[in-house]
Amino acid sequence: MKKLTLFSIFLAAVVIILGAYTRLTDAGLGCPDWPGCYGNLTVPLSEEKVAQANAAYPDRPVEAFKAWNEMIHRYFAGTLGLCVLAIAVIALRQRDKGTPVKLPLLLLGLIIFQAALGMWTVTLNLLPVVVMGHLLGGFSVISCLFILYLRLRNSAGDAPKTKQAPIASAMHDQDITDLPQAKIFQRNLKLFAFVGLGVLVTQIALGGWTSANYAALACTEMPICESGWQDRIDIAGAFSVPDADNYEFGAHDYGERVTMHIVHRFGAVVTFLYLLALGINVLVSRYATNKQKFVSAFMLVALCTQVALGLSNIVFMLPLAVAVMHNAVAAVLLLSLLNLIFTVFRILENDQVFGLEKQSKAPFSVPEPLQGAYRKQQAFRNQQARNTSLHESEYASLRGSYQDPLSGSTSSHILPKAPGGFHG
């Protein structure tokens, strides 16, 4: 199941990239029907089928390039759906072995909803709310798959074999996390990481809304927009859905698209600063584990890459490869933050387990006011034990050195009947 989940993560990443490529090549309506293409399982290529397709959809003549983009995206999405279905079935069959069940079932529900959003994307002619929801649904699927993979990889029955260096690193991490200050740090990190997750998801949604309304090139100057952008701000209009028969190439006016773009830029600044502070805080903290520092370093690399890609989209007028990578790196950034949150949960969970074990093994605990007297009592008992050991060693030496005056032999029974002695 773990290998199937890992393969599904790869498929989900491919689907996200293909979805971005389909959207950016204006192929969202390359096939005007769903789930087939002009009533066929594949793109119509013969002259007869092309003529039939054009007659059935006169407003949407066949464009083979766009149609193939759309259908390849659907093929991969359908394969991903079958893999998630298989994961859910395996989880139900192995639920007695401790295999997670709720998350696979949630994934199955997400995939079904994603299929519905894919259908509505076509039937509602690229309605922006549906397009943005379809994008967020894809990110949700890959996130749930990644969390499921982390849980399966870290399960007790499937723990990977570790060498000496990882064991030493784990022991070092355990020494760190046992400190009271480290527990406080981990709880605070959990809170701030979840806030960062909310900030990042909001920014991804803003990017999806900007792309769904074809506002990526509404501003082509730095750092904010062209001169006079202040007079074009229209928040209410930018985040509303105007009435239109077809939303391809956008239905908002220029001022509303400028507003979308500017809000997305400000969101990018907030997201960059917050995640940068979060990652640096983990890197410099003495209470973060080695794995958390590695994940944070990876997250910072992804963050800087994402900002560079966003700037390249503006400077180079939205190159197709750069725009597609902008979507892909957003997914990588999201997964790295989820990995950081997962490490925090693992540490806090292990801390609770170890705390319960220590509590069950300890016969009693000494209250804080009595700890001084308790230590003095223990020191007195230790001194008594040392004195007793000394007396016994002296007695043994006397026994070994006593010589019987009658027989001339050494006796091992000095004071055999001494009153109050060992036989008294």
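The values are calculated or read from the model by the stated rules, or taken from the named source; none is laboratory data. These numbers were taken from a predicted model, which means no experiment stands behind them. Every residue, glycine among them, receives a Cβ derived from its backbone with ideal geometry; neighbour counts consider all protein chains shown. What goes into the accessible areas is simple: the full protein's heavy atoms, side chains included, and nothing from ligands, DNA or RNA. Shrake-Rupley method; radii C 1.70, N 1.55, O 1.52, S 1.80 Å.
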Of the conditions (1) within 30 Å of Pro180 (Cβ to Cβ); (2) open to solvent by less than 40 Å² (accessible area, probe 1.4 Å); (3) of a type in the set (Gly, Ala, Ser); (4) assigned to a helix (DSSP H, G or I), Ala331 fails just one. Which one is it?
-> (1)
Residue count, the range 217-242, condition open to solvent by 30 Å² or more (accessible area, probe 1.4 Å) and touching a His at 6+ places or on another chain (Cβ under 7 Å), comes to 1
So which residues in the range 303-326 are open to solvent by 50 Å² or more (accessible area, probe 1.4 Å) and in contact with a Leu (Cβ under 7 Å, 6 or more places away or on another chain)?
-> Met317, Leu318, Leu320, Met325
When Leu300 is evaluated against the numbered criteria (1) within 17 Å of the chain's Cα centre (by Cα); (2) under 29 Å from Cys225 (Cβ atoms); (3) buried (at least 21 other Cβ atoms within 10 Å of the Cβ); (4) not aromatic (Phe, Trp, Tyr), which criterion, by number, is the only one it fails?
-> (3)
Name the residue, out of Phe76, Phe7, that is over 23 Å from His326 (Cβ atoms), among the aromatic types (Phe, Trp, Tyr) and at pLDDT 95 or above.
-> Phe7
Does at least one position in the range 61-75 carry a residue that is crowded, with 16+ Cβ neighbours inside 10 Å and either of a type in the set (Gly, Ala, Ser) or touching a strand residue (DSSP E or B) at 6+ places or on another chain (Cβ under 6 Å) (or both)?
-> yes
Is it true that Leu191 is open to solvent by 60 Å² or more (accessible area, probe 1.4 Å), at negative phi and either in a helix (DSSP H, G or I) or at pLDDT below 95 (or both)?
-> yes
What single numbered condition from (1) within 34 Å of the chain's Cα centre (by Cα); (2) touching a residue at least 24 places away in the same chain (Cβ under 8 Å); (3) closer than 16 Å to Pro128 by Cα fails to hold for Met222?
-> (3)
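Would the range 248-255 turn up any residue that is in a helix (DSSP H, G or I), within 19 Å of Ala218 (Cβ to Cβ) and over 18 Å from the mean Cα position of the chain (by Cα)? Show your work before the answer.
So the first thing to find is which residues in the range 248-255 are in a helix (DSSP H, G or I), and the list is 254-255.
This time we only want the ones that are within 19 Å of Ala218 (Cβ to Cβ), so: 254-255.
Narrowing the set further to residues that are over 18 Å from the mean Cα position of the chain (by Cα) leaves 254-255.
Yes, the range 248-255 contains at least one residue that is in a helix (DSSP H, G or I), within 19 Å of Ala218 (Cβ to Cβ) and over 18 Å from the mean Cα position of the chain (by Cα).
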Test result for Gly30, open to solvent by less than 20 Å² (accessible area, probe 1.4 Å), of a type outside the set (A, V, I, L, M, F, W, C) and touching an Asp or Glu at 6+ places or on another chain (Cβ under 9 Å) | yes
Breaking point among (1) surrounded by 15 or more Cβ atoms within 10 Å (Cβ to Cβ); (2) assigned to a helix (DSSP H, G or I), for Ile280 | (1)
Which pairs do you get when a residue that is within 15 Å of Gln203 (Cα to Cα) and modelled with pLDDT of 95 or more, found in the range 271-283, comes within reach of a residue that is open to solvent by 60 Å² or more (accessible area, probe 1.4 Å) and outside any helix (DSSP H, G or I), reach meaning Cβ atoms under 7 angstrom, with the pair 6+ apart or on two chains?
-> none
Hey, could you check the range 252-270 for residues that are of a type in the set (Gly, Ala, Ser) and touching a residue at least 40 places away in the same chain (Cβ under 8 Å) and say which is surrounded by the most Cβ atoms within 10 Å (Cβ to Cβ)?
-> Gly267
Residues of the range 208-247 being more than 30 Å from Thr123 (Cβ to Cβ) and out of contact with any helix residue (DSSP H, G or I) (no Cβ under 9 Å at 6 or more places or on another chain), in sequence order, are Ser227, Gly228, Gln230
Out of all the residues in the range 30-44, is one or more touching a Pro at 6+ places or on another chain (Cβ under 6 Å) and in a loop (DSSP other than H, G, I, E, B)?
-> yes
From Leu148, Leu127, Leu106, residue being open to solvent by 60 Å² or more (accessible area, probe 1.4 Å) and modelled with pLDDT of 95 or more | Leu106
Which residue pairs have Cβ atoms under 9 Å apart, sit 6 or more places apart or on different chains, and have a first residue in the range 30-42 that is charged (D, E, K, R) and a second that is open to solvent by 20 Å² or more (accessible area, probe 1.4 Å)?
-> Asp33/Gly39; Asp33/Ala56; Asp33/Tyr57; Asp33/Thr123
